[in-house]
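This report concerns only the one structure given below.
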Amino acid sequence: MATVPLAPLALQVPNGTIKTAASQFLVWAHQSGLLTADAYYPGDGVGQPDFGPDGVAQNTFAILRQRQVRFVGVNGPDATINVHLKRAAPTAKELKILPGTCNGFKLRYHQGNSNAVTPTAIAESSTACSLHMAAHATFYTCGSSISVGNDRSAGTLGCLVRDAQGILYGLSNNHVSGSCNYAPAGLPIIAPGVADVSPLNPYPFTLGIHSRQLSMRMGDPSSVDALDNSDAAIFQIVNDAPISSMQRTFYDTPPSCVDIAPGMQVEKVGRSSERTTGTVRSEVVGSFPIVYSAPQYNFSGTVYFEPLYVVYGVGDRFSEAGDSGSLVTYVDSQGLRHGVGLVVAGLDDSSAPGQKCSLVLPLKPILDRLQLTLVTQHNC
């Protein structure tokens with residue numbers, strides 16, 4: 001088999017940091033014409049990767065050029081770089097040809113084509129919302145359906161939060177309760193979401209009014225800083241009496257927040273798939289594009305985010321369309337639960353349970369930028 005020789009490693013042990021190795025892989029992929037047009041690469045100043053003593057088989061280029069590299073993610077605890085491709089993952093025969101390491105870190109190949117985010121494109125759900133019974137009263141819960149009041153859509157109320165003045169808000173994605181920046185301040189937020197209004201669900205009521213959102217600007221990361229973008233919005237609760245901080249009937253919203261990290265075992269409660277568990281597989285290296293569409297406002301565009309995390313479900317999908325805005329939590333070794341992220345989008349991945357994985361925004365930067373804290377034990 002013809003190979004292109006590269007500088008060999010005497011021993012296949014990790015060389016440098018995993019993010020440096022991933023960045024060098026992206027540079028190599030860019031120079032070899034293997035990246036999708038919108039994929040991130042860090043420029044040519046980070047050096048070249050080392051694929052080990054065997055170098056790169058010539059067939060590698062044909063295999064990856066056909067599939068195109070969409071993005072890469074890193075998992076430090078597993079010393080693994082996950083390469084996500086636009087098309088189906090390589091076959092077992094092709095995997096024997098592709099490089100198995102980069103700077104001593106394992107390379108794993110997956111499909112990773114992101115799905116467009118449209119508030120009106122939601123999964124069917126027979127249990128779109130939940131009521132919690134406490135103190136002889138019934139309360140609408142987090143993890144249930146919400147939407148803006150003027151659109152037939154639905155997403156998930158992630159959690160309740162509070163500012164320094166004690167004002168209570170609901171937190172979700174911008175594309176759920178902020179209409180991709182098009183919701184005017186004061187627009188009613190309805191529970192359940194308009195798409196879920198039916199004789200079988202609780203009667204709809206105004207849960208809150210749209211307050212503000214974080215920046216979510218379209219444009220290439222060379223002109224728009226992806227670090228400033230975050231798909232999150234809050235709405236002021238108009239009456240705290242009918243709402244609970246419970247995540248349906250499964251557990252309460254935790255009072256604390258910690259940084260999300262690869263290797264974490266996580267949970268979420270959402271409008272479409274209720275309670276699911278998953279594993280944080282990797283942190284996306286660099287900025288990642290998500291396509292948004294808000295037909296009501298004739299809006300469609302691509303927004304780049306950084307950082308993002310890839311989560312695989314345990315046994316099945318971690319999230320479905322309509323789970324956007326769900327609070328992702330983590331239970332530490334002491335048995336304490338913490339908030340770590342918000343579900344924002346999904347990816348096709350033929351090697352993931354349910355053939356999809358989820359993209360999650362870290363929660364801590366969102367709360368810090370909005371100067372909010374998680375609310376727990378509210379009407380529990």
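The values are calculated or read from the model by the stated rules, or taken from the named source; none is laboratory data. Note that the coordinates shown come from a computational prediction; the quantities given were computed from them, not determined experimentally. Every residue, glycine among them, receives a Cβ derived from its backbone with ideal geometry; neighbour counts consider all protein chains shown.
Tallying residues that are within 15 Å of the chain's Cα centre (by Cα) and surrounded by 17 or more Cβ atoms within 10 Å (Cβ to Cβ) within the range 234-269 yields 7.
On the basis of being within 23 Å of R369 (Cα to Cα) and surrounded by fewer than 24 Cβ atoms within 10 Å (Cβ to Cβ), does I189 make the cut?
The answer is no for I189.
Within the range 283-308, residues that are part of a strand (DSSP E or B) sit with their Cβ atoms under 8 Å from residues that are of a type in the set (D, E), at 6+ positions apart or across chains, in these pairs: V284/E306; F288/E306; P289/D38; I290/D231; T302/D38; V303/D231; Y304/D220; F305/D231. Taken over the range 196-227, the residue count meeting the criterion of being charged (D, E, K, R), outside any strand (DSSP E or B) and surrounded by fewer than 16 Cβ atoms within 10 Å (Cβ to Cβ) is 3.
When G45 is tested against (1) free of Cβ contacts under 8 Å to residues at least 24 places away in the same chain; (2) touching a strand residue (DSSP E or B) at 6+ places or on another chain (Cβ under 6 Å); (3) not charged (D, E, K, R), exactly one condition is not met: (2).
Here P221 meets the list (1) over 25 Å from S211 (Cβ atoms); (2) at pLDDT 95 or above; (3) touching a Ser or Thr at 6+ places or on another chain (Cβ under 8 Å) almost entirely, failing just condition (2). Of L98, L85, all but one fail to be buried (at least 20 other Cβ atoms within 10 Å of the Cβ) and farther than 19 Å from E274 by Cβ; the exception is L85.
The rows are residues; the columns are (1) part of a strand (DSSP E or B); (2) closer than 29 Å to D38 by Cβ; (3) out of contact with any Asp or Glu (no Cβ under 6 Å at 6 or more places or on another chain); (4) assigned by TED's automatic domain parsing to the domain that holds S300.
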site	(1), (2), (3), (4)
L107	yes, yes, yes, no
E124	no, no, yes, no
L160	yes, no, yes, no
A164	no, no, yes, no
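Filter the range 36-52 down to the residues that are of a type in the set (A, V, I, L, M, F, W, C) and surrounded by fewer than 22 Cβ atoms within 10 Å (Cβ to Cβ), then identify the one that is farthest from S287 (Cα to Cα). Here the residue is V46.
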